[in-house]
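For reference, the structure discussed in these notes is given below.
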Amino acid sequence: MLKQTFLLGSPDYYKSEDREIDIVKAKEQWERLKKHIESHDIIVKVVPGLPSQIASVYLTNSALIINDFAIMARFHKISRRGEEKILAEYLKEKLGLRILYLPEEEGLYFEGEGDIRWSHNCKHIWFGYGVGRTTLKGIEAVEEILKKELGSHTPIFHKLNLSDRKTFHIDLALLPLPNGRVLYYPTLSSAAIKQIEGVFGKQNMIKVPSKYFFACNSVWLDEKNILVPKLPYDDFRHWMYKATQMKLDEVNVNQFHLGNGSVQCMILRMWRVFPITS
């Protein structure tokens with residue numbers, strides 16, 4: 001079996017736009033995150049940053065990687081534009097991936113794996129849009145590429161309208177798990193919840209208490225293990241275990257919470273939708 005590969009963005013130039021970061025602590029936390037991932041026999045690649053890109057540590061927003069190709073982001077947020085160029089060069093030169101770009105059209109934006117969630121063994125893909133980041137036009141452009149590249153392996157597409165700016169990416173609001181359960185944050189609209197219920201079934205849906213922000217930003221590592229952020233609540237670990245029914249690997253990344261991201265925001269996963277034979 002091929003090992004999984006996760007990409008992390010270097011924390012060297014990390015800053016928050018409006019909060020003070022302890023960069024020494026941030027780098028220590030980043031190193032521990034990397035070690036936690038590697039302890040599960042997952043390969044970690046580190047993408048370098050630039051001084052002008054202070055948020056590039058949140059690498060998940062820069063692309064969607066599947067098999068041997070990467071669909072690069074078109075950032076709506078102006079301050080983050082350019083991050084995808086650094087990543088594209090790395091993916092092409094270091095990993096030999098095919099780089100695919102979206103049309104440069106007004107109103108067409110796609111912020112990578114931050115606005116995507118996979119479920120049902122990569123047979124379903126959930127897109128988030130509607131709060132000033134990824135747009136419907138962006139999603140439609142990504143869908144066209146996936147249909148062309150994946151053919152009969154193309155997943156079933158779902159689009160969730162994110163109506164609350166607190167959860168500005170879908171990876172803050174939705175967490176499908178490999179055991180068929182799904183966590184969702186209460187900022188999702190009743191219409192979005194109904195969509196999810198139609199696929200997972202009401203009995204498999206778990207509403208996250210509002211105080212546990214970043215719970216949905218966890219990353220499942222395999223069928224049994226999930227990497228979760230340490231939150232400042234004594235009861236969170238017990239709740240999360242009961243909700244996920246998975247073995248928890250907890251990591252403190254609170255310096256990155258100050259920049260509005262957590263574990264999933266920092267990890268760019270290289271997905272395999274079907275076995276690669278060549």
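The values are calculated or read from the model by the stated rules, or taken from the named source; none is laboratory data. Source: prediction; values computed, not measured. FYI the Cβ positions are ideal-geometry reconstructions off the backbone, even for glycines, and counts take in every protein chain you see.
Among residues of the range 171-194 that are at positive phi, those with a beta-carbon under 9 Å from a residue that is in a helix (DSSP H, G or I) at least six positions away or on a different chain give the pairs 180/200; 180/204.
Name the residue that is farthest from residue 91 (Cα to Cα), counting only residues in the range 63-78 that are of a type in the set (D, E, K, R) and surrounded by fewer than 18 Cβ atoms within 10 Å (Cβ to Cβ). Ranking the candidates gives 77 first. Restricting attention to the range 209-232, the residues that are touching a helix residue (DSSP H, G or I) at 6+ places or on another chain (Cβ under 8 Å) and of a type in the set (Ser, Thr, Tyr) add up to 2.
Hey, any hits in the range 134-146 for a residue that's under 24 Å from residue 260 (Cα atoms), surrounded by fewer than 24 Cβ atoms within 10 Å (Cβ to Cβ), touching a residue at least 40 places away in the same chain (Cβ under 8 Å) and touching an Asp or Glu at 6+ places or on another chain (Cβ under 8 Å)? No, every residue in the range 134-146 fails to be under 24 Å from residue 260 (Cα atoms), surrounded by fewer than 24 Cβ atoms within 10 Å (Cβ to Cβ), touching a residue at least 40 places away in the same chain (Cβ under 8 Å) and touching an Asp or Glu at 6+ places or on another chain (Cβ under 8 Å). Residue count for the range 47-62 under the criterion of being surrounded by fewer than 16 Cβ atoms within 10 Å (Cβ to Cβ) and at pLDDT 95 or above: the result is 1. Residue by residue through the range 52-98, note down the ones that are assigned to a loop (DSSP other than H, G, I, E, B), within 22 Å of residue 253 (Cβ to Cβ) and among the small types (Gly, Ala, Ser). Listed by number, the residues that qualify are 55, 56, 73. Among the residues in the range 6-24, are any within 27 Å of residue 226 (Cα to Cα), part of a helix (DSSP H, G or I) and not aromatic (Phe, Trp, Tyr)? Checking the range 6-24: at least one residue is within 27 Å of residue 226 (Cα to Cα), part of a helix (DSSP H, G or I) and not aromatic (Phe, Trp, Tyr). The residues of the range 102-119 that are in contact with a helix residue (DSSP H, G or I) (Cβ under 8 Å, 6 or more places away or on another chain) and either without any contact (Cβ under 8 Å) to a residue 24 or more places away in the chain or more than 22 Å from residue 175 (Cβ to Cβ) (or both), listed by number, are 102, 103, 105, 107, 108, 109. Close Cβ contacts (under 9 Å, 6 or more residues apart or on different chains) running from residues in the range 28-46 that are surrounded by fewer than 18 Cβ atoms within 10 Å (Cβ to Cβ) to residues that are of a type in the set (Gly, Ala, Ser) comprise 46/9; 46/10.
Selection over the range 8-24 of residues that are surrounded by 14 or more Cβ atoms within 10 Å (Cβ to Cβ) and not aromatic (Phe, Trp, Tyr) gives a count of 9.
Could you please let me know if residue 157 is surrounded by fewer than 20 Cβ atoms within 10 Å (Cβ to Cβ) and aromatic (Phe, Trp, Tyr)? Yes, satisfied. Looking at the range 215-232, can you tell me whether even one residue there is of a type in the set (Phe, Trp, Tyr) and touching a Lys or Arg at 6+ places or on another chain (Cβ under 8 Å)? Within the range 215-232, not a single residue is of a type in the set (Phe, Trp, Tyr) and touching a Lys or Arg at 6+ places or on another chain (Cβ under 8 Å). Looking across 193, 206, one residue alone is surrounded by 13 or more Cβ atoms within 10 Å (Cβ to Cβ) and either out of contact with any helix residue (DSSP H, G or I) (no Cβ under 6 Å at 6 or more places or on another chain) or part of a loop (DSSP other than H, G, I, E, B) (or both). It is 193. If only residues of the range 237-259 that are surrounded by fewer than 21 Cβ atoms within 10 Å (Cβ to Cβ) and free of Cβ contacts under 8 Å to residues at least 40 places away in the same chain are counted, the one that is nearest to residue 205 (Cα to Cα) is 242.
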